[in-house]
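A.B. asks: Provided herewith is a single structure, encoded as structure tokens, for subsequent inquiry.
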Amino acid sequence: MDAREIGGLVDSATGYQSRRLYHDPEIYQLELQRVFARSWLFLTHESLIAGAGDFQTALMGEDRVLVVRQTDGSIRAFINSCQHRGNVLCHADSGTARAFTCNYHGWSYALDGSLAAAPLEAEVYRGQLPKAQLGLIPVPRIASYKGLVFGCFDQTAPSLTDYLGPMTWYLDTYLDAVPGGTEFLGGPMKYRVPCNWKLPAENFAGDGYHVGWTHAAALAIGARDNVVGSMRGNSEQNVVATGGLHVATRHGHGFSLLEDGYSGIALYDQPEVMAAWLTENRPLVRERLGDRRAQFFGSHCNLNLFPHFSALPMGLNSFRVWHPRGPDEIEVWIWALAYRQMPAEVKAAIRHAHMKTFGIAGLLEGDDTENVQYATDACRGYVTRSHPVYCGMALSRGGPHPELPGTVHEGAIAEIAQRNFYGFWQQLMTASDWSALDAAPVDASLAGGNA
Ligand code: FES
Ligand code: FE
């Protein structure tokens, strides 16, 4: 598949894009090489590997990795495949280890990835085992952003901070709101969905459009009838249609916000517990982050860090990765985030609300899963796949904002962030390397923005 063919898959100027994006095995193989082996990918939260020897297993594309806290406090990651016959070295999701021993022939690796021992080494290798060359394959770049740990295989990619770019301003609203930082409350929960990874990722990048329809029943249960009503055009409080923000930043990241106060909290069994904590802490947030972001704090929002790390950071506190497991299958890994300094009863309320809404069997999780699954399935049809889909909402709208970084659209419903996602995807898929990438937004409607 050459650059011209990839160039024909997405037309950012009109919003039309090919249905092949969602099922084509050739595109998928190229994505593993050009998207996942080049981008910064989320691995874990520092709180889950706090002590020496603590580890988490993770995926980078379809490459299994092992993320390990070192004895000097640093974090390293290695390909989770034994150097002898390639067996999965560590089968556990997480734990604390002094060494990692393969269950096939018993080769044993130290925390730093070096090959420490092989059974019967003297007798069977007789001094010919090149141990120094047989350490685990390292992930060459590891970096953290305010507790979130990322890895990158590409030495030419920008630093993590540059990669995240102006999106850090929005991320800080949640990661840096109060002193002491954040933690993940255990996890992850994992399950598989027969869908292409890009569909849920672009949904979280900025699909405010589906909220009132897809989630109508769940939101009605959760007293969000103002949202449902607004989508049906019969509400005074047209929160979703006219309120909030929709933001695209360079490198394909997206963020949107319903600026309506304690939204997700309406879905808690005990909303007063979370609301009280937010009210108590809002002055502190204002002091740290300023008026505008203190206003954001407490309002429902969603974001996607390209390619596939998504969050509903406020209220529902859900963080997730859409790991690709083939052109039409993903493994979803989900964690709940809390602030370290929160009292135990607030953390318990978050954990409970998260399970109820965006846990594997959550009220809202299933709504989204059904859509992305059937979108993938329908786009496979022989005749169907020869016709494009349309992602052209708010073409030529959105632009620079006096206060807010990125390309900003007033109102949560737009498809600027989605076009930014697919536009950057297209750039990565066609560029020979990072130095050839134009960091400017590719969407014509973003022209003039400060993304
Ligand atoms: Fe791991 Fe043989 S495959 S020791
Ligand atoms: Fe949804």
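Values quoted throughout were computed directly from the atomic coordinates according to the rules given, and no laboratory measurement underlies them. The model shown is predicted, which means the values in this text are computed figures rather than measured ones. As a convention, Cβ positions derive from the backbone with ideal geometry for all residues, glycine included, and neighbour counts pool all protein chains shown.
A.B. asks: Taking a cut-off of 26 Å, what percent of all Cα-Cα pairs in the chain are separated by more than that?
C.D. replies: Tail of P(r) above 26 Å: 58 percent of Cα pairs.
A.B. asks: Also, I was wondering about something else. Please list the radius of gyration and Dmax for the stretch 75-218, considering alpha-carbon atoms only, with Å as the unit.
C.D. replies: 21.2, 69
A.B. asks: With unit charges on the beta carbons (Lys and Arg positive, Asp and Glu negative) and the dipole taken about the Cα centre of the chain, which residue among 323, 100, 7 sits farthest to the positive side?
C.D. replies: Farthest towards the positive end: 100.
A.B. asks: List every residue whose amide H lies under 5 Å from the amide H of residue 391, counting only residues 5 or more places away in sequence or on a different chain, with H placed 1.01 Å from N in the peptide plane.
C.D. replies: The list, which skips near neighbours in sequence, is 16, 17.
A.B. asks: Which whole-Hz couplings ³J(HN,Hα) result when phi for each residue of the stretch 389-403 is put into the Karplus expression 6.51 cos²θ - 1.76 cosθ + 1.60, θ = phi - 60°, listed in order with x for Gly and Pro?
C.D. replies: 9, 10, 10, x, 5, 6, 4, 6, 9, x, x, x, 10, x, 10
A.B. asks: State the dimensionless ratio Rg/Rh of the stretch 276-327 (Rg: radius of gyration of Cα atoms; Rh: Kirkwood radius).
C.D. replies: 1.15
A.B. asks: For residue 52 and residue 161, calculate 0.36 nm times their separation in residues minus their Cα-Cα distance, and state this gained length in nm to one decimal. Provide the component values of the computation, followed by the final result.
C.D. replies: Numbers: separation 109, 0.36 × 109 = 39.24 nm, distance 2.55 nm.
My answer for the length gained is 36.7 nm.
A.B. asks: For the chain, find the longest principal axis of its Cα atoms and tell me its angle to the long axis of helix 365-378, 0 to 90°, nearest 10.
C.D. replies: Computed tilt is about 80 degrees.
A.B. asks: Leaving out same-chain residues fewer than 8 places away, which lysines sit with a Cα under 30 Å from that of residue 198?
C.D. replies: Hits, sequence-local ones excluded: 146, 190, 356.
A.B. asks: Then there's this: For the stretch 305-451, evaluate the Debye formula with one uniform point scatterer on each Cα (no solvent term) and list log10 I(q)/I(0) at q = 0.21, 0.22 Å⁻¹, rounded to two decimals.
C.D. replies: Each listed q maps to, in turn, -1.32, -1.33.
A.B. asks: Rounded to the nearest 10 degrees, what's the angle between the helix 271-289 long axis and the longest principal axis of the chain, both from Cα atoms, 0 to 90?
C.D. replies: So the inclination is approximately 80 degrees.
A.B. asks: Return, for the Cα atoms of the stretch 1-95, the radius of gyration and Dmax in Å, separated by a comma.
C.D. replies: When restricted to Cα atoms, the stretch 1-95 yields Rg and Dmax of 18.2, 53 Å.
A.B. asks: Now, a different point. Collect residues whose amide H, placed 1.01 Å from N in the peptide plane, falls under 5 Å from the amide H of residue 44; neighbours closer than 5 in sequence don't count.
C.D. replies: Excluding prolines and chain starts, which carry no amide H, the hits are 149.
A.B. asks: Tell me the net charge near residue 295. Cut-off is 10 Å between Cβ atoms, residue 295 excluded, with +1 for each Lys or Arg and -1 for each Asp or Glu.
C.D. replies: Taking every other residue near residue 295 into account, the sum is +2.
A.B. asks: A follow-up question, please. What is the local net charge at residue 149, summed over the other residues whose Cβ is closer than 13 Å to its Cβ (Lys, Arg +1; Asp, Glu -1)? Please report the intermediate quantities before stating the final value.
C.D. replies: Working: positive: 69, 76, 141, 146; negative: 46, 54, 183.
Its environment carries a net charge of +1.
A.B. asks: Using alpha carbons only, how many degrees (0 to 90, rounded to 10) separate the axis of helix 416-430 from the longest principal axis of the chain?
C.D. replies: Long axis of 416-430 versus the principal axis of the chain: about 30 degrees.
A.B. asks: Also: Considering the chain, which cysteines have no disulfide-compatible partner, defined as another cysteine with its Cβ under 4.7 Å away?
C.D. replies: Here 90, 152, 195, 301, 379, 391 come out as lacking a disulfide-compatible partner, given the Cβ-Cβ threshold of under 4.7 Å.
A.B. asks: Now a separate question. Which value, in debye to the nearest 20, gives the size of the charge dipole of the chain about its Cα centre, when Lys and Arg are +1 and Asp and Glu are -1 at the Cβ?
C.D. replies: Here the chain has a charge dipole of around 600 debye.
A.B. asks: Would you kindly derive the ³J(HN,Hα) couplings of the stretch 68-83 from the backbone phi angles with the Karplus curve 6.51 cos²θ - 1.76 cosθ + 1.60 (θ = phi - 60°), listing them in order in whole Hz, with x for Gly and Pro?
C.D. replies: Values, residue by residue: 10, 7, 7, 5, 8, x, 6, 10, 10, 9, 9, 4, 8, 8, 5, 7 Hz.
A.B. asks: So for 79, 350, 416, 360, fewest C-beta neighbours within 10 Å to most, what's the order?
C.D. replies: Starting with the residue having the fewest Cβ neighbours, the order is 360, 79, 350, 416.
A.B. asks: Let me ask something else. Would you mind calculating the gained length between residue 344 and residue 374 on full extension (0.36 nm times residue separation, minus the Cα-Cα distance), in nm to one decimal?
C.D. replies: Full extension of this stretch gives 6.8 nm more.
A.B. asks: Excluding residue 323 itself, calculate the net charge of residues whose Cβ lies under 11 Å from the Cβ of residue 323, where each Lys or Arg counts +1 and each Asp or Glu counts -1.
C.D. replies: So the surrounding residues net to +1.
A.B. asks: Here's a follow-up. Sorted by average packing, counted as other Cβ atoms within 10 angstrom per residue and highest first, what order do 386-395, 122-131 take?
C.D. replies: Taking the mean over residues of other Cβ atoms within 10 Å, the ranking is 386-395, 122-131.
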